[in-house]
Amino acid sequence: MIFIDACFGKETPYTPVWMMRQAGRYLPEYMEVRKRVGSFLDMTRDPEVVKEVTIQPIDILDVDAAILFSDILNLPMEMGLPLRFEKGVGPVFDKTVSTEEDIDNLDSKADEKLRYVYEGVRLIRKNLPSNKALIGFAGSPCTIATYMVEGRGSKQYAKIKKLLYTNPMMLHRLLSFNTKETIEYLKKQIEAGADAVMIFDSWGGALEKEKFFEFSWNYMKEIAKEIKSLYPHIPVIGFSKGVGLYMDGMDGEFDVIGVDWNTPIEYALNIFKNRYTLQGNLEPTRLYSKSAIKEGVEKIASVMKGNRHIFNLGHGILPDVPVENAKYFVKLVKEVTSIK
């Protein structure tokens with residue numbers, strides 16, 4: 001698989017390409033399934049639906065990797081925090097974690113309740129072309145903890161930061177719990193057929209530098225170390241958003257480091273050299289314009305030529321991007337980076 005080869009820094013005929021959130025609302029085929037099933041959450045809990053929408057971008061765009069259709073919040077939901085999606089707000093936990101007792105009450109076997117995810121992985125891998133990789137994923141322990149404490153997305157992150165500064169030991173306890181469950185969750189995804197796994201740290205950049213390493217990156221490193229010790233042939237991708245200025249301190253047993261669009265790819269390359277494959281980082285809104293796509297792809301390809309690279313966006317594809325432009329992006333990457 002070209003994607004797996006690139007993760008390990010092997011030479012490939014072109015730079016492999018996929019997009020975060022590539023199974024989603026910009027695809028009419030996805031919206032048809034959504035209309036049929038009803039709710040997003042119900043979609044993530046139906047293995048047949050998971051298979052269908054995960055494979056859609058492979059068939060439509062010819063990307064080199066499929067990423068499991070799921071949500072990072074299915075894990076805390078199965079820990080015992082009922083989850084709902086509110087229009088205009090997003091995911092909401094009406095029950096949150098605010099005391100030590102709340103942590104005591106979390107289900108330490110949540111990973112075992114996510115069988116619908118593993119069955120979805122099995123179905124995808126069975127139906128996915130053999131040359132296309134399947135990426136499993138989970139949220140970082142810190143991002144998951146932020147949702148568990150805040151109850152929803154936040155701009156100030158006041159509750160989680162208050163906990164961090166007033167009761168750091170309690171937060172470390174919650175993060176350790178999340179880390180253990182995340183390791184088990186990713187292991188089961190791998191056993192079901194995932195070819196690579198990715199850890200999404202959506203809100204790492206909300207923390208000051210030393211706290212980012214203490215409360216977020218170090219737990220991501222722990223997950224990567226455990227997965228690599230058990231499955232050395234499985235690439236581990238770490239992606240933390242908004243941490244460009246912290247990259248000089250980032251290390252760990254990852255194979256791939258995701259670079260968001262706020263961070264110049266040449267800056268990340270200068271820091272990491274070829275210790276890791278870099279993944280990214282076209283600005284997602286460039287997909288509104290073919291000329292903007294061309295300019296961005298050519299610049300990134302020029303910087304990364306001869307270096308370890310997987311093409312992606314610097315964050316998720318937006319719901320109103322024309323499908324034609326997404327196809328153009330994927331095709332252009334393959335043409336521009338071809339070594340033939």
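The values are calculated or read from the model by the stated rules, or taken from the named source; none is laboratory data. The model shown is predicted, which means the values in this text are computed figures rather than measured ones. Cβ sites come from the backbone with ideal geometry, for glycine too, and all protein chains shown count toward neighbours. Ligands, DNA and RNA are stripped out before the accessible areas are found, and what is left, the full protein with its side chains, is counted by its heavy atoms. Shrake-Rupley method; radii C 1.70, N 1.55, O 1.52, S 1.80 Å.
Hand me the list of helices (runs of 4 or more DSSP H) wholly inside the stretch 119-236 holding 2 or more residues that are touching a residue at least 12 places away in the same chain (Cβ under 8 Å) and within 18 Å of LYS51 (Cα to Cα).
Counting at least 2 such residues, we get 168-192.
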I'd like to verify a number: residues in the stretch 95-115 that are in a helix (DSSP H, G or I), surrounded by 16 or more Cβ atoms within 10 Å (Cβ to Cβ) and over 19 Å from the mean Cα position of the chain (by Cα), how many?
3
So which residues in the stretch 198-233 are buried (at least 19 other Cβ atoms within 10 Å of the Cβ), touching a Lys or Arg at 6+ places or on another chain (Cβ under 9 Å) and aliphatic (A, V, I, L, M), if there are any at all?
ALA206, LEU207, ILE227
Subset of the stretch 44-94 [touching a strand residue (DSSP E or B) at 6+ places or on another chain (Cβ under 8 Å), closer than 22 Å to LYS109 by Cβ, part of a loop (DSSP other than H, G, I, E, B) and touching a residue at least 24 places away in the same chain (Cβ under 8 Å)]:
LEU68, SER70, ASP71, ILE72, LEU73, LEU81
All conditions in (1) of a type in the set (D, E, K, R); (2) modelled with pLDDT of 95 or more; (3) touching a helix residue (DSSP H, G or I) at 6+ places or on another chain (Cβ under 8 Å) are true of ARG84 except (2)
Pairing a residue in the stretch 312-340 that is farther than 15 Å from THR15 by Cα with any residue that is surrounded by 17 or more Cβ atoms within 10 Å (Cβ to Cβ) and of a type in the set (Gly, Ala, Ser), where Cβ atoms lie under 7 Å and the two sit 6 or more apart in sequence or on different chains, gives GLY314/GLY280; ILE317/GLY24; ILE317/ALA326; PRO319/GLY24
Subset of the stretch 11-43 (residues that are of a type in the set (A, V, I, L, M, F, W, C), assigned to a loop (DSSP other than H, G, I, E, B) and over 18 Å from the mean Cα position of the chain (by Cα)):
LEU27
Which listed residue is in contact (Cβ under 8 Å) with a residue 60 or more places away in the chain, open to solvent by 10 Å² or more (accessible area, probe 1.4 Å) and either touching an Asp or Glu at 6+ places or on another chain (Cβ under 7 Å) or among the small types (Gly, Ala, Ser) (or both), from ALA301, ALA292
ALA301
Among the residues of the stretch 1-22, are any touching a helix residue (DSSP H, G or I) at 6+ places or on another chain (Cβ under 7 Å) and acidic (Asp, Glu)?
no
